[in-house]
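A.B. asks: Take this structure, written in structure tokens, and hold onto it; I'll ask about it next.
The values are calculated or read from the model by the stated rules, or taken from the named source; none is laboratory data. Please read all numbers here as calculations on a predicted model, not as lab measurements. Positions of Cβ are backbone-derived with ideal geometry, glycine not excepted, and every protein chain shown enters the neighbour counts. Each accessible area value is taken on the protein alone, full model and side chains, heavy atoms only, with ligands, DNA and RNA left out. Shrake-Rupley method; radii C 1.70, N 1.55, O 1.52, S 1.80 Å.
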Amino acid sequence: MNIKDEVVAVLDEVLSLKGRASTFSPETPLLGAIPELDSMAVVALITSLEERFGFVVDDDEIDGTVFASLGALLDFVHGKLGV
């Protein structure tokens, strides 16, 4: 499984980006830069990541830095998966 591809697919699906996420690099800013990523979308994104990867995210694990960029989100997912 390619984690980056899976995370990008979840972003694209949850935010209805119609393929735009495929152009994202680890440096691509997310929160505040993508209008579709509002507070409700963050909740949906977390839920989708939990379902896709089989981990649980506690409320105290989430803050704005997790969604600062694609790279930060990937680091978070890698950490949850222990890779």
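A.B. asks: Could you list all residues from the stretch 1-18 that are open to solvent by 30 Å² or more (accessible area, probe 1.4 Å) and either more than 15 Å from P35 (Cα to Cα) or touching a residue at least 40 places away in the same chain (Cβ under 8 Å) (or both)? Give the derivation first.
C.D. replies: As a first pass, look at the stretch 1-18 and keep what is open to solvent by 30 Å² or more (accessible area, probe 1.4 Å): 1-2, 4-6, 9, 12-14, 16, 18.
Passing the criteria: M1, N2, K4, D5, E6, A9.
A.B. asks: So which pairs qualify, if the first residue must be in the stretch 28-47 and in contact (Cβ under 8 Å) with a residue 40 or more places away in the chain and open to solvent by less than 80 Å² (accessible area, probe 1.4 Å), the second must be assigned to a loop (DSSP other than H, G, I, E, B) and hydrophobic (A, V, I, L, M, F, W, C), the Cβ gap must be under 9 Å, and the two must be at least 6 apart or on different chains?
C.D. replies: What qualifies is T28/I34; P29/A68; L30/F24; L30/L37; L30/A68.
A.B. asks: Now a separate question. Would a scan of the stretch 72-83 turn up a residue that is under 15 Å from L15 (Cβ atoms), open to solvent by 30 Å² or more (accessible area, probe 1.4 Å) and among the basic types (K, R)? I'd like the intermediate steps shown before the answer.
C.D. replies: Going through the stretch 72-83, the residues under 15 Å from L15 (Cβ atoms) turn out to be 73.
Remaining after also requiring open to solvent by 30 Å² or more (accessible area, probe 1.4 Å): none.
Scanning the stretch 72-83 turns up no residue that is under 15 Å from L15 (Cβ atoms), open to solvent by 30 Å² or more (accessible area, probe 1.4 Å) and among the basic types (K, R).
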